[in-house]
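The structure appears right after this line, and notes come after that.
Read the figures in this text as sums done on the coordinates, not as results from a lab. On a predicted model such as this, the values are computed, not experimentally measured, just so you know. No Cβ is skipped: glycine too gets one built from the backbone with ideal geometry, and neighbour counts run over all protein chains shown.
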Amino acid sequence: TKWVLTFGDGRAEGRAELRELLGGKGANLAEMANLGLPVPPGFTITTEVCTHYYDNGRSYPSELAAQTEAGLEHIQKITGRVFGDAENPLLVSVRSGSRASMPGMMDTILNLGLNDVTVEGLAKGSDNRRFAYDSYRRFIQMYSNVVLDVDHHQFEDILEMTKERKGVSEDTELDADDLVKLVEAYKAKVLKETGASFPQDPRDQLWGAIGAVFASWMNARAITYRRLNGIPESWGTAVNVQAMVFGNMGDTSATGVAFTRNPSTGENRLYGEFLINAQGEDVVAGIRTPQPLTEAARIEGDVNAPSLEKRLPEVFEEFVRVSQALERHYRDMQDLEFTVERGKLWMLQARNGKRTAKAALKIAVDLASDGTLTREEAVERVDPAALDQLLHPTIDPKAERKIIATGLPASPGAARGELVFSSEAAEAAVAAGKKVILARTETSPEDINGMHVSEGILTTRGGMTSHAAVVARGMGKPCVSGAGMLRMDEKAGTLTVAGRVFREGDVVTIDGSTGQVLDGPVAMIQPELSGDFATLMRWADEVRRMGVRANAETPDDARAARRFGAEGIGLCRTEHMFFDDKRIVAMREMILSDDEAGRRKALAKLLPYQRADFVALFEIMKGLPVTIRLLDPPLHEFLPHTEKDIAEVSAAMGVPADKLRNRAAELHEFNPMLGFRGCRLAIAYPEIAEMQARAIFEAAIEAAKSTGAAVTPEVMVPLVMGRPDFDFVKARIDAVAQEVEKETGEKLVYQVGTMIELPRACIKADSIAETAEFFSFGTNDLTQTALGISRDDASAFLGPYVAKKLLPYDPFVTIDRDGVGDLVRLGVERGRSVRPKIKLGICGEHGGDPDSIAFCEEVGLDYVSCSPFRVPIARLAAAQAAL
Ligand code: PEP
Ligand code: MG
């Protein structure tokens, strides 16, 4: 077996595709060598050795020793130096490198091969005794720390003492003799701490380092990192052994890092930093301030010391050439590490650079525009979920975050304002010109107006599909939900955490993208829907198959949805339309009525409001499909509950408080989500559905006239169990349609369909499809009912489920493919078996989740529907799913 692959001098045994075998670093070093770029020669011990090591009681394959010797031989031949030689010693670096970059593992040992003899050879060969001993003391510290387990503070203390004794503050002020003494002190420390002398045989050093890399694959930090990031243990790590090049050999030597484009803006300009006369870790350690690579960046950054461009112009020119070659070769922005040794450039690393969403977008569009990528490839390059960062205001990355509490990142974006603890307080404060954050234990439909005027919403209970989360996402407002460490006293108007009390008027900032609640007003940056954004969206639209609609009910939402490219409304939740001041009165009147006649009277008052709502939606959507769902939530949600509210409503309506109290008590349910809601309302009180149907049809006629575009409303029945309950409601809707046609003399074109959101409805989808003209999968309720997990109370126990790996993720965020997914598939198959052309969509929160959208593509849905602010994410995710 080949356990060791070499690289250097314009060729390599490996290449980029062998990432699994060579790890990311090894594969890229091989690739760069093959491209003829200046890479110090070296070899990679493969990940298969790591696997062998752990499969065989931490022992190596028998051929490894000989192959490693051959690897050393290869480096010696190219460099003309000899490992352990007293005159012309070869020094190497030893680095780990797994397939995925993995912090937590042993990283790097530099200058390996130095001992009491070779250090003199290095001093002579470099004409620089100080440099040689500086390298030696760094090596002893690094090696002792990672291989011999001696804490690096032990060495730093000695260094500090030495400087103090000499009366200097900088390492660079120590001369060669000081460093010789320092090395002696370091070696004495190693002997004292480990009971053995610092290893002098370079081969012992090398095997010690190789062993440390493999051992670090199983250290606690690496195991935790793998668990958190889903990296399999079986991958193993490779070890890279490479000839040292020195950036600390004087004023024509340097070391640096660079990105071929700006990683935060995507701007196509070389971006990076370097230090003259330094080794790699000095740039990262921040001991000295690095200089920009280019003159332009130096001037912009107003930095005094010269750029690399000015200081070493030939090196700079070559570096530009190399970085452009690498970018062309990998067809992506590169993250580079380099060293200059006495005027000669060496490349130490190249990999695709990490970047912000904004940069990802710009880079993808730029690379497709100059022909490097196809448009499809550009579409695939951008993570849809990351678009969230671009659509909402976000916290300025430079701002300080004083975290008070952390909840769920329920609706992205950042918001700041004064705390208020009720919707009324929110409305009053906003009327007085203030900006507020509405904090509630949890929200209910009564809070809609308060939520609407607030900058953001904070709750201490509730999960990712709690009322607050769903409504906030719909409104595009930031929301942190389920921040359980905050103790809320709504009556007293206080929010307490760790002894600190926040009161109404105290300013907080919430970050709905991370779930953080922050003290005080934190600086934010505004979204920018620039040309690149529109361009990428257009390309995504060219390749996707599924339609993308929005869940929207207010004109604002509908307009936002259009702006974000929605192709219709997939769910209009009509209950949200009844909380306005005047409407809620009529609504309550309806609920308090003792008989049908009373209800009809109250409903007649609601009709004009409802019709006007629908006219507005139809007009904004200009002929695009609009799916309107009949009333869904339990009626008690519309009644006042606190004594204060009851008293107010009683006075305003002229209804005895007792009557209100009794009716609320009558409507009280133990499991409202499984209670008197959905089509059950229309079955008990058909007049409600009839009023809504009439409003829809009359609005359709009116909007068709005002816009000149045909309006084909889709009337949707919620929570059906099977065909009988669906048919019952459909018959009422059809009857109203006939009445309206007769009254107006107009012909109505409309469809009646249903939500599929109960397991039984999936099972009975074939018979339901006999009469239903479309299905919309309500995966919020379907998840809740299939898993038996209350969507409003899930946060308390879903966390442990996910933490203990009993569920891979929150099933209210990403569809549970195994269970809920099977139900959807069944519904699709059975529905189509009866009505092959039936229109199929999804309007649960999963309709805006990229992984769930991929599932929707797999089962062949016609469209997804999601909150307006997720429409761009859904467009991109649907495009990627189709590719
Ligand atoms: C659903 O259940 O998935 C749905 C869209 O309806 P709601 O969230 O309004 O219950
Ligand atoms: Mg539902």
> Is the shape of the range 393-525 rounded, prolate or oblate, going by the alpha carbon gyration tensor and its root eigenvalues a ≥ b ≥ c, with a/c under 1.5 for rounded and a/b larger than b/c for prolate?
Replying inline: rounded
> If contacts are Cα pairs under 8 angstrom and at least 6 residues apart, what is the relative contact order of the range 4-243 in percent?
Replying inline: 27
> Quick one, what does Rg over Rh come out to for the range 1-70 if you take C-alpha atoms and the Kirkwood Rh?
Replying inline: 1.01
>> If the reach is capped at under 26 angstrom between alpha carbons, list the lysines near residue 362, excluding any in the same chain fewer than eight residues apart.
In response: 354, 398, 477
>> Contact order normalised by length for the range 393-525, with contacts defined as Cα pairs under 8 Å and 6 or more residues apart; what percent is it?
In response: 37
>> Could you give the length gained by full extension between residue 372 and residue 731, i.e. 0.36 nm per residue of separation minus their alpha carbon distance, to one decimal place?
In response: 123.4 nm
> Based on the mean of other beta carbon atoms within 10 Å per residue, what is the order of 329-338, 772-781, 308-317, most packed first?
Replying inline: 772-781, 329-338, 308-317
>> On a straight-distance basis, which lysines could pair with residue 605 in a cross-link, Cα separation under 30 angstrom, same-chain partners fewer than 8 positions away excluded?
In response: 582, 622, 644, 659, 705, 730, 742, 747
> So what J values fall out for the range 804-817 if you push phi through Karplus, 6.51 cos²θ - 1.76 cosθ + 1.60 with θ = phi - 60°, rounded to Hz, Gly and Pro as x?
Replying inline: 8, 6, 7, 10, x, 6, 5, x, 7, 9, 10, 4, 6, 4
> Where in the range 519-561 does the amide nitrogen come within less than 13 Å of the point 7 Å from the Cα of residue 706, taken along Cα to Cβ?
Replying inline: 555
> Using r as the Cβ-Cβ distance of residue 601 and residue 2, and R0 as 60 Å, what FRET efficiency do you calculate, to the nearest 0.05?
Replying inline: 0.10
> Taking only C-alpha pairs under 8 Å that are 6+ residues apart, what is the relative contact order of the chain in percent?
Replying inline: 9
> Among 78, 733, 525, which comes first, then next, by fewest other beta-carbon atoms within 10 Å?
Replying inline: 525, 78, 733
> Going through the range 143-250, which GluC sites (Glu not before Pro) have at most 14 other Cβ atoms within 10 Å and a DSSP loop state?
Replying inline: 170
>> Suppose each label sits 7 Å from its Cα in the direction of the beta carbon; what would the residue 56-residue 805 distance come out to in nanometres?
In response: 2.8
> Considering the alpha-carbon set of the chain alone, what are its Rg and its Dmax in angstrom?
Replying inline: 33.8, 107
>> Assuming 0.36 nm per residue, please report the length gained on full extension of the stretch residue 331 to residue 492 beyond their Cα-Cα distance.
In response: 52.0 nm
>> As a footprinting exposure proxy, order 479, 856 by other Cβ within 10 Å, with the fewest listed first.
In response: 856, 479
> How far is it, in nm, from the label point at residue 541 to the one at residue 683 when both lie 7 Å from their Cα along the line to the Cβ?
Replying inline: 4.2
>> Taking the beta-carbon count within 10 Å as an exposure proxy, list 101, 411, 96, 767 from fewest neighbours to most.
In response: 101, 767, 96, 411
> For the chain, what is the calculated [θ] at 222 nm in deg cm²/dmol (nearest 500), taking -39500 (n - 2.57) for each run of four or more DSSP H residues and dividing by its residue count?
Replying inline: -14000 deg cm²/dmol
>> Please compute the length gained on full extension between residue 20 and residue 299, using 0.36 nm multiplied by the number of residues separating them and subtracting their Cα-Cα distance.
In response: 96.1 nm
> Where the convex hull is taken over the Cα atoms of the range 4-243, what is its projected area averaged over directions, in nm²?
Replying inline: 13.7
>> List the residues, sorted by chain then number, that are 5 or more residues from residue 494 or on another chain and whose placed amide H is less than 5 Å from its amide H.
In response: 489
> Using modelled amide H (1.01 Å from N, peptide plane; none on Pro or chain starts), what sits under 5 Å from the amide H of residue 547, excluding residues fewer than 5 places away?
Replying inline: 863, 864
> What is the log10 of I(q)/I(0) for the range 254-355, computed with the Debye formula using one identical point scatterer on each Cα and no solvent, at q = 0.14 Å⁻¹?
Replying inline: -0.47
> Which whole-Hz couplings ³J(HN,Hα) result when phi for each residue of the range 571-581 is put into the Karplus expression 6.51 cos²θ - 1.76 cosθ + 1.60, θ = phi - 60°, listed in order with x for Gly and Pro?
Replying inline: 7, 10, 7, 5, 4, 5, 8, 9, 9, 4, 3
> So if R0 is 60 Å, what FRET efficiency would residue 11 and residue 164 give, r being the distance between their Cβ atoms, rounded to the nearest 0.05?
Replying inline: 0.75
> Based on the mean of other beta carbon atoms within 10 Å per residue, what is the order of 740-749, 202-211, most packed first?
Replying inline: 202-211, 740-749
> Given H placed on each backbone N at 1.01 Å, which residues far from residue 479 in sequence or on other chains put an amide H within less than 5 Å of it?
Replying inline: 410, 411, 457, 512
> Once phi is turned into θ = phi - 60°, what whole-Hz ³J(HN,Hα) does the Karplus curve with 6.51, -1.76 and 1.60 give for every residue of the range 86-98, x standing for Gly and Pro?
Replying inline: 6, 9, 9, x, 8, 10, 10, 9, 10, 10, 7, x, 9
